Amino acid sequence: MYINEISIRNFRILSESQMDFGNDLCLMIGKNNTGKTSFLVLFEKFLGQLSFDFNDFSLKLRDKILTIDSNTDETELSIQLILNIQYEDSDDLCNISEFIVDLDPTRKDVHLLFECEIKKDKLLEDIKNAGKITKEKFIKKYLCDYLEKNIYTFNDLSDISKENRHRLIKKSFKDVNKLIDFEIIHAKRSVSSSEEKHGAKVLSGLTTSFFNSQNINTPDKFEKINELMETMDTNLDDNYESFFSSFLKTAKDFLGMGELKVKSNLKASEIVTDASEVVYGDDKTQLPEYLNGLGHMNILYLLLNIEIKKNRFLTNKKDIKLLFIEEPEAHTHPQLQYIFARKISEIVSGIPGMQTIITTHSSHIVASHPFENIRYMSTIRDSEGFYNIEIKNFHKDLSSMYSGEQNEFKFLKQYLSIESSELFFADKAIFIEGISEDILLQHFITQFDTVKIEEEETRIANDPTLKPTYIPLSAQNVTVVRAGANAKVFRHFLEFLKIPSLIITDIDTVKQETTDKGVWYSSCEVNDSNVCKTSNATIMYYLGEPNCKVGDDSYSSWFNDVLKHKANCISPNVHIAYQGEEKSYYARSFEDAFINVNLSQIKSNLSSIEGLKNKEEFETCSDMYKLTTRVISKKSDFASTILFLTHANGLNWNTPAYIKEGLEWLQKQVH
């Protein structure tokens, strides 16, 4: 028995959201403010019996609530949580039978509706008698007193509509509590450093809680401990009589009371509470828990808490067990996140009916889980301009986009698991191909930001009424991916996540040659009279290479548009940046373009630059294309030296125009 689907309506930013569950473990991911915490809190408010207030209603409903009158249909304003629960014949149906309304033996699911409804008539009556307080202020302040939580079972989703609500069957929360068990571990945990809590024993407190619950539920495990407590209890009675004799005599004489005694009432739980602690280290170097690092404290806290929750699940023996863990990565470094991610499935498994949802911003946790577990939350606007959250089944939805491209999808999953799961949380992305761009990109971004900031400062100096608005690219959430020639593999993924992405690549022009072995294409400079195409797979894919023979009119027309930067990208989220004409020369590669715009400075520092050969060519060769092909020896050494000279000697290298234009495009994108 398990929850198969979850629907949420009118709760905060989750105004109309659906999630298919089904899995034993789901990772709920998404950027900040995409409703992850709200999702967990809604369950807590219904299943944990917490209260709602005006701020819990979605923005889309606020005006309708504030202008509520006798004609308002209050059912349209309700906060709703809808669960679809699947079961099998082999399940114990005793508890869920309370919610089965369709007696068709082939049907194996039920629908539950949790609803927070406004008691409209009572609210309107009290607003009339509210005196001078305005209707709007009264509602914002006191709406919480006019909210009522109910639960219904129903047959079909159409039963929730206004005209069919008579089909809803009201049920008791007591019946739900027999069916569903719910536990949550919030991100705001009490672990902290010794300086913050002055040596608080948080973990020791948890061990106490765990011990007490086990002592109550399985007392046979603690028989020896409890026997010791009884023996100590008896011994303390005798000692108390002697120790308190003077006090007891005075009390009897003064108050005229009868047999007044002080007796021992020692309990195992009290001993554990006051006299047990979690420590680490061996006997000689032992230290208390609060001197441990926050990362280890957090993981230990999580593990203990999970064990406590699991024990409650096993004790309560309810059919459906929901465990929510919010941001387990708090305070932990990547290695601990990997360890937790690999172990969590094992930790929460083995309990029938248990389903776990983990919300996270950690790329390390995401990378360690199969994509089938991922539910991606993204912000969308509805037709009225209000925000809503779409909860996507990452693997199922994306695999349909990659239909017919299974090899590409397989590569994507492997690459994201190994290299760049941080793309899930990026606001923007930059894809590069070569080692040189990888080494120098951050320098180009810093240089770009510096120019933009200086331009803004100049404008403000001329017009003091202006305010700074420029947000440096280096301060934005931009993920850099070195994808080589495989950038095309990411197209559907980027469109799925709606990430504005800059792809920096090379024009890679070639010309056709015919030999005894057939036709092949060799590298050539862009202005070669025989140039006929690009060999760059990224450009051919994203700029829509026509499906016709090279040399045909339509192909030549397309390639001419590519050279003039007039070809349109097939993906609205992607901008392809490649070389163009600069300083009367059209470069073919990054090194080609970089040397062209920095030639004089390179000549002045030749003795300091590594990765070059035939350095005399800088004085004798005037053909830029030939010069580049003759002098580059090792690209990584060349780029590393350029970066070193930037910091060591303060050299200010020029950024090729196509990279600046690409950064300009990315800067303007709003995710």
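Quick notes
- Selection of segment 549-559 for residues being in a loop (DSSP other than H, G, I, E, B) and either among the charged types (D, E, K, R) or surrounded by 17 or more Cβ atoms within 10 Å (Cβ to Cβ) (or both) yields 549, 552.
- Elements of type strands (runs of 3 or more DSSP E) contained in segment 1-101, each with 2 or more residues being aromatic (Phe, Trp, Tyr): 2-11
- Qualifying residue in segment 570-582 (condition: open to solvent by less than 50 Å² (accessible area, probe 1.4 Å) and more than 45 Å from the chain's Cα centre (by Cα)): no
- Subset of segment 39-69 (residues that are surrounded by fewer than 19 Cβ atoms within 10 Å (Cβ to Cβ) and of a type in the set (S, T, N, Q)): 49, 51, 55, 67
- Of the criteria (1) buried (at least 17 other Cβ atoms within 10 Å of the Cβ); (2) assigned to a helix (DSSP H, G or I), which one residue 343 fails: (1)
- Flag if residue 562 is at pLDDT 95 or above, β-branched (Val, Ile, Thr) and not in a loop (DSSP other than H, G, I, E, B): yes
- Considering only residues in segment 90-130 that are small (Gly, Ala, Ser) and more than 24 Å from residue 74 (Cβ to Cβ), the one that is surrounded by the fewest Cβ atoms within 10 Å (Cβ to Cβ) turns out to be 90.
- Hey, residue 521 hydroxyl-bearing (Ser, Thr, Tyr), in a helix (DSSP H, G or I) and surrounded by 14 or more Cβ atoms within 10 Å (Cβ to Cβ) or not: no
- The residue list 378, 383 contains one member that is of a type in the set (S, T, N, Q) and either touching a Cys at 6+ places or on another chain (Cβ under 6 Å) or in contact (Cβ under 8 Å) with a residue 60 or more places away in the chain (or both), which is 378.
- Single residue of 488, 467 found to be within 25 Å of the chain's Cα centre (by Cα) and of a type outside the set (A, V, I, L, M): 488
- Scanning segment 636-652 for residues that are touching a residue at least 60 places away in the same chain (Cβ under 8 Å), more than 28 Å from residue 426 (Cα to Cα) and surrounded by 18 or more Cβ atoms within 10 Å (Cβ to Cβ) yields 638, 642.
- Some residue of segment 497-508 being assigned to a helix (DSSP H, G or I), within 30 Å of residue 29 (Cβ to Cβ) and not polar (S, T, N, Q): yes
- The set of residues from segment 567-621 being among the small types (Gly, Ala, Ser) and assigned to a loop (DSSP other than H, G, I, E, B) comprises 567, 571, 580, 584, 587, 589, 611.
- Members of segment 533-588 found to be of a type in the set (Ser, Thr, Tyr) and within 16 Å of residue 521 (Cα to Cα), listed by number: 534, 535, 555, 556
- Scope segment 485-495; condition assigned to a helix (DSSP H, G or I) and either open to solvent by 10 Å² or more (accessible area, probe 1.4 Å) or closer than 30 Å to residue 523 by Cβ (or both); matching residues: 487, 488, 489, 490, 491, 492, 494, 495
The values are calculated or read from the model by the stated rules, or taken from the named source; none is laboratory data. Everything numeric in this text was worked out from a predicted model, so none of it was measured. Every residue, glycine as well, gets a Cβ built from its backbone with ideal geometry; the counts of neighbours run over all protein chains shown. Side chains included, ligands, DNA and RNA excluded: accessible areas come from the protein's heavy atoms. Shrake-Rupley method; radii C 1.70, N 1.55, O 1.52, S 1.80 Å.
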